[in-house]
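Report on the structure given below.
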Amino acid sequence: SMALSNVAFAGPEEVAARINDITGGAAGDDTLIMLDLPEIAENGNTVPVGVSVDSPMTADSFVESVLILADGNPNPAVATFHFTAMSGVAEAKTRIRLAKTQNVIAVAKMNDGSTFIDRKEVKVTIGGCGG
């Protein structure tokens, strides 16, 4: 349909710019962050995603936020989670909508400004035919 063709997908450039805004251009380390996603999503409308950051979650060192981005969605920011030292653990689960096969990226920002990034590709199959 004509209407659909006018949807501008975010694309890796826009996602890179969003990540750059959070990280200030620093390369995020991927050691402490874990993005939990299916490699193949049979239904792009509801894809389970989990994210956890290995942090002591003390007043001195805690995760402030985790942003989940999808580089093939019209709106790349699909979820944001906010934490405080009182959260105890930095983990969250939600369901996201993925318009097509694409990369999903999680960006965690710590209270000291450091960032952690993990990314995974999710293959979206239409109607669960394994495409």
Most to least accessible of 124, 66 (protein chains only, probe 1.4 Å): 124, 66
Difference of contour (0.36 nm per residue) and Cα-Cα distance, residue 20 to residue 54: 10.0 nm
Net charge dipole size for the chain [Lys, Arg +1 and Asp, Glu -1 on Cβ; Debye, nearest 20]: 540
Label point at residue 125 placed 7 Å out along Cα→Cβ; residues across region 84-119 whose backbone nitrogen lies under 20 Å: 96-104
Listed peptides 23-33, 91-101 by packing density, highest first (mean Cβ within 10 Å): 91-101, 23-33
Within region 62-105: backbone nitrogen closer than 17 Å to the residue 112 label point (7 Å, Cα to C-beta): 62-65, 85
Gain in span if fully extended, residue 65 to residue 32, counting 0.36 nm per residue against the direct Cα distance: 10.5 nm
Tilt relative to the chain, helix 11-23 - C-alpha long axis, 0 to 90 degrees, to 10: 10
Computed label-point distance, nm, for sites residue 13 and residue 87 using a 7 Å Cα→Cβ extension: 3.2
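The values are calculated or read from the model by the stated rules, or taken from the named source; none is laboratory data. Here the structure is a predicted model, which is why all the values come from computation and not from measurement. All Cβ positions, even for glycine, are placed from backbone atoms using ideal geometry, and neighbour counts span all protein chains on display. All accessible areas refer to the heavy atoms of the entire protein, side chains included, with ligands and DNA or RNA removed. Shrake-Rupley method; radii C 1.70, N 1.55, O 1.52, S 1.80 Å.
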